[in-house]
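First the structure, in the form of structure tokens, and then the observations on it.
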Amino acid sequence: MNKEFFDFDLIIAGAGVGGISAALAAARLQMRVLLIEQAREVGGTGVFSSVSLVCNFRDSWGKPITNGIHRELFPTSYTHYSEKLVPTYDEQELKAAYQRLLASEPTLTLWTDCEVFQADKQNGRIVRLHIQGSRTATVTAKIYLDATADGNLSALAGLEYKLGREGDGKLQSATATFKVSGIDCSQLKEPDIRQWTAIHSLRRELLPYYLDMKAAGGTSNPRQGITCFPYPDGKALLFNSTSVLDVDPTRPETVTSGREEGIRQAQELFEAIHLHPAFHNAKMDYIAPKLGVREGRRIVGEYELTAEDCLQTRRFNDMVAACAYSLDIHSPDGGATRLESIPKPGYYHIPYRSLIPKGCANLLLSSRCISGTHEAHSSYRIMASVSAIGEAAGTAAALCVFQGHQDVREVKTSHIRFILQLRGQFIEGEVERVQMPTRPAW
Ligand SMILES: Cc1cc2nc3c(=O)[nH]c(=O)nc-3n(C[C@H](O)[C@H](O)[C@H](O)COP(=O)(O)OP(=O)(O)OC[C@H]3O[C@@H](n4cnc5c(N)ncnc54)[C@H](O)[C@@H]3O)c2cc1C
């Protein structure tokens, strides 16, 4: 097959929430964007691992600290907010929203079923990417964005990274989620499963069935409890309750064997809860097609965000995003999950420097692979923060191209914040008016 050649303003590898938010932000600033996704369809973890919960993106008083593109993706979690309701989404609706928004941008090109497999670097810059899959191509751009979650593009470019927790390098456990419908909610103590109290009550009702099976040696799932969330219509549940250890996305064979183990655990759990009267006629609609891998490479950047930054609600002069979600470490050893809330005012800043990898002038990190510790990553990895990170990265990349900078470090964060603020994103700190990036018609 002949190799094609293409040139863009910016190229984004990975079309999960981080890559898509970056692509939309940059395309809306009229950049010629190429978004490359190795899967057949866009969506990444939030669609194909079915994660369901819109994790907290509000400060201690309920005010959103993530807005912007995240609001377009999860509108009802803003318009129908109530502390009593479990804020969830349907992954098929999210995928449809992604497709609709991406298709509405004339300067955005999407290639699915395509993998970036090589990055050529010269003098501290990426000079071209090589693509294989549904197309065989060489592509170039002024700026590149790593939105692969696991830092795959940065690793291809030979950049430094960290993996797992300090000391032993072990990663958070992985999960195969599954959807259950056909539940007879009238058999539950609290039938309206859209409510938090009903979900907690339901988990308590199901627990003895699961523990009986565990005691009889019927599962290898190390979890002690059951975690499930309702779908928005309150008619189905997403079980996020399996736990697979030693999955490392840099060793693909562990992801393959991990999915097999996750499927086994999902079937065992379903068999156990089937004994509850509300689940006698329930059916398992599907097991998520992609194993939910929580953690991968964390690229070493100009600033490493730490657990102390999160828990001390640190403010940074170069903030470009914020996060309100707890530290949430699914134990790499199979023990209990460590959940630690962000104290008042309930959120911390994510600095631009954490999006800039060391050793490369024209690359930005645009997914959960930003520079941070194992603990900090367990917090900002949620979709709200990753969307805000992506929106900031796409905006910074557009400014870099438009202003003719040679290095992403030259972009002023007061300019990034100005545009983010104009676009409705939550920002704090100094803003400086800047000419909006535009391109002449071509
Ligand atoms: C089990 C589980 C439960 C979770 N629960 C929640 C929850 O309830 N709420 C919440 O907000 N968050 C949750 N999270 C976290 C959240 O879903 C993810 O951290 C987030 O979606 C990651 O987004 P991303 O854009 O960084 O990466 P992804 O969505 O993983 O996207 C990365 C994309 O890059 C592509 N890619 C990788 N390498 C290449 C390459 N070389 N070339 C081209 N494409 C490539 C991949 O195919 C993928 O589509 C959960 C995560 C897991 C695993």
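The values are calculated or read from the model by the stated rules, or taken from the named source; none is laboratory data. Just so you know, these numbers come straight off a predicted model, no measurement behind them. With ideal geometry, Cβ positions are generated from the backbone for all residues, glycine too; neighbour counts draw on all protein chains shown.
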Six or more apart or on different chains, Cβ atoms under 6 Å: show the pairs whose first residue is in segment 192-219 and farther than 17 Å from Val86 by Cα and whose second is of a type in the set (Gly, Ala, Ser) and surrounded by 18 or more Cβ atoms within 10 Å (Cβ to Cβ).
Tyr209/Ala272; Tyr210/Ala272; Met213/Ala272
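Count, please, the residues in segment 138-170 that happen to be more than 23 Å from His330 (Cβ to Cβ) and surrounded by fewer than 18 Cβ atoms within 10 Å (Cβ to Cβ).
Going residue by residue through segment 138-170, those that are more than 23 Å from His330 (Cβ to Cβ) are 138-146, 153-160.
Next cut, surrounded by fewer than 18 Cβ atoms within 10 Å (Cβ to Cβ) only: 138, 140, 158, 160.
Counting residues in segment 138-170 that are more than 23 Å from His330 (Cβ to Cβ) and surrounded by fewer than 18 Cβ atoms within 10 Å (Cβ to Cβ) gives 4.
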Could you say which residue among Ile329, Ile342 is in contact with a Ser or Thr (Cβ under 9 Å, 6 or more places away or on another chain) and without any contact (Cβ under 8 Å) to a residue 40 or more places away in the chain?
Ile342
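Yes/no per residue for (1) more than 25 Å from Leu153 (Cα to Cα); (2) not aromatic (Phe, Trp, Tyr):
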site	(1), (2)
Gln38	no, yes
Val42	no, yes
Ser52	yes, yes
Cys55	yes, yes
Trp61	yes, no
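If I go through segment 169-184 residue by residue, how many of them are in contact (Cβ under 8 Å) with a residue 12 or more places away in the chain, of a type outside the set (Lys, Arg) and away from the ligand (no atom under 13 Å from the Cβ)?
Step one: of segment 169-184, the residues in contact (Cβ under 8 Å) with a residue 12 or more places away in the chain are 170-184.
Narrowing further to those that are of a type outside the set (Lys, Arg): 171-178, 180-184.
Next cut, away from the ligand (no atom under 13 Å from the Cβ) only: 180-184.
Final tally of qualifying residues: 5.
Could you check, for segment 265-278, whether at least one of its residues is of a type in the set (Gly, Ala, Ser), over 21 Å from the mean Cα position of the chain (by Cα) and assigned to a loop (DSSP other than H, G, I, E, B)? I'd like the intermediate steps shown before the answer.
Just the residues of segment 265-278 that are of a type in the set (Gly, Ala, Ser), to begin with: 266, 272, 278.
Retained after the next criterion (residues that are over 21 Å from the mean Cα position of the chain (by Cα)): 266, 272, 278.
Filter once more, so that each one left must be assigned to a loop (DSSP other than H, G, I, E, B): none.
No, that holds for no residue.
With respect to Val51, is the statement that it is within 8 Å of the ligand (Cβ to nearest atom) and either over 12 Å from the mean Cα position of the chain (by Cα) or β-branched (Val, Ile, Thr) (or both) true?
Details: within 8 Å of the ligand (Cβ to nearest atom): yes; either over 12 Å from the mean Cα position of the chain (by Cα) or β-branched (Val, Ile, Thr) (or both): yes.
In short, yes.
Would you say His374 is more than 24 Å from the chain's Cα centre (by Cα) and either modelled with pLDDT of 95 or more or surrounded by 24 or more Cβ atoms within 10 Å (Cβ to Cβ) (or both)?
Details: more than 24 Å from the chain's Cα centre (by Cα): no; either modelled with pLDDT of 95 or more or surrounded by 24 or more Cβ atoms within 10 Å (Cβ to Cβ) (or both): yes.
Criteria not met by His374.
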Only one of Lys235, Lys162 is assigned by TED's automatic domain parsing to the domain that holds Ala15, of a type outside the set (Gly, Ala, Ser), more than 30 Å from Thr109 (Cα to Cα) and at pLDDT 95 or above, namely Lys162
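Residue-wise test of (1) touching a Gly at 6+ places or on another chain (Cβ under 9 Å); (2) small (Gly, Ala, Ser).
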position: Leu101; (1), (2): no, no
position: Glu105; (1), (2): no, no
position: Trp111; (1), (2): yes, no
position: Gln118; (1), (2): no, no
position: Gly124; (1), (2): yes, yes
position: Ser134; (1), (2): no, yes
position: Tyr144; (1), (2): no, no
Considering only residues that are under 19 Å from Ala103 (Cβ atoms), within 14 Å of the ligand (Cβ to nearest atom) and not hydroxyl-bearing (Ser, Thr, Tyr), which ones fall in segment 19-38?
Gly19, Ile20, Ala22, Ala23, Leu24, Ala25, Leu34, Leu35, Ile36, Glu37
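Looking at this structure, is Gly46 without any contact (Cβ under 8 Å) to a residue 40 or more places away in the chain and either more than 11 Å from the ligand (Cβ to nearest atom) or not assigned by TED's automatic domain parsing to the domain that holds Ala266 (or both)? Even if it seems obvious, please write down each step before you answer.
Working: without any contact (Cβ under 8 Å) to a residue 40 or more places away in the chain: no; either more than 11 Å from the ligand (Cβ to nearest atom) or not assigned by TED's automatic domain parsing to the domain that holds Ala266 (or both): yes.
Taking the combined requirement at face value, the residue does not satisfy it.
Just to confirm my filter: which strands (runs of 3 or more DSSP E) fall fully inside segment 321-403 and include at least 1 residues that are away from the ligand (no atom under 16 Å from the Cβ)? Full working, then the answer.
Numbers: elements: 327-329, 338-340, 348-351, 363-365.
Qualifying strands (runs of 3 or more DSSP E): 338-340, 348-351.
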May I ask you to verify whether Glu308 is without any contact (Cβ under 8 Å) to a residue 12 or more places away in the chain and not basic (Lys, Arg)?
yes
